Amino acid sequence: MEDCSFEEEIQRIRDSLKKMREATDDEWFLSHLRGISNSVENIQELYEEALRYNGAALKDRDRFELCYSQLAGLNEQFTAFGRKRPESACGSFKAQQVNRVLEPLKTLMEQDMGIELSLISEENEQTYSDVSLLIRTYLDLGASFAWRHYKKKYDIRGREVPSLEYGYGHG
């Protein structure tokens with residue numbers, strides 16, 4: 001496929017059809033018909049590529065927004081736990097639930113930012129303050145990620161804020 005835009009391919013088809021209406025030579029007519037066929041195939045490839053790109057981006061965005069809002073809720077819970085008993089152990093069940101939310105965010109943000117993020121250890125019980133710190137780290141990185149990719153700002157509760165206001169993790 002030649003590198004050209006959708007509009008350029010459409011213009012090629014229009015030009016070829018215009019010339020074909022005036023053509024009298026069958027061989028010339030057939031060669032232009034082949035050119036139109038190739039242009040239509042190029043348009044189909046451009047269209048399919050756009051669908052793949054937009055579908056993947058939309059899927060990642062939906063997944064990000066869902067996990068980010070869940071993470072904001074977990075932040076509130078673990079902050080409250082941390083205030084009451086900061087050095088108490090979190091427990092493996094709670095760690096698993098938090099990791100279910102962190103894993104998709106970890107995958108998206110590690111690929112984008114080129115950094116390695118941690119999950120909560122399910123074997124060595126983490127304290128509520130440790131878990132809270134890790135969640136806040138993900139919230140900060142997630143806010144930066146959302147701004148760069150989606151031009152959205154979020155507050156500490158995971159709610160989108162108007163761009164004129166400052167959200168959590170933005171300067």
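The values are calculated or read from the model by the stated rules, or taken from the named source; none is laboratory data. Just so it is clear, the structure is predicted and the values come from calculations on it, not from any experiment. Note that we place each Cβ from the backbone using ideal geometry, even for glycine, and neighbour counts take in every protein chain shown.
Restricting attention to the stretch 85-141, which residues are among the aromatic types (F, W, Y) and exposed (fewer than 13 other Cβ atoms within 10 Å of the Cβ)?
Of all residues in the stretch 85-141, those among the aromatic types (F, W, Y) come to 93, 128, 138.
Residue satisfying the conditions is F93 alone.
Which condition number does E7 fail, the rest of (1) in a helix (DSSP H, G or I); (2) loosely packed, with under 15 Cβ neighbours inside 10 Å; (3) modelled with pLDDT of 80 or more being met?
Of the numbered conditions (1) in a helix (DSSP H, G or I); (2) loosely packed, with under 15 Cβ neighbours inside 10 Å; (3) modelled with pLDDT of 80 or more, the odd one out for E7 is (3).
Tell me whether the stretch 55-66 contains one or more residues that are within 27 Å of H149 (Cα to Cα), modelled with pLDDT of 85 or more and of a type in the set (F, W, Y).
Yes, the stretch 55-66 has at least one match.
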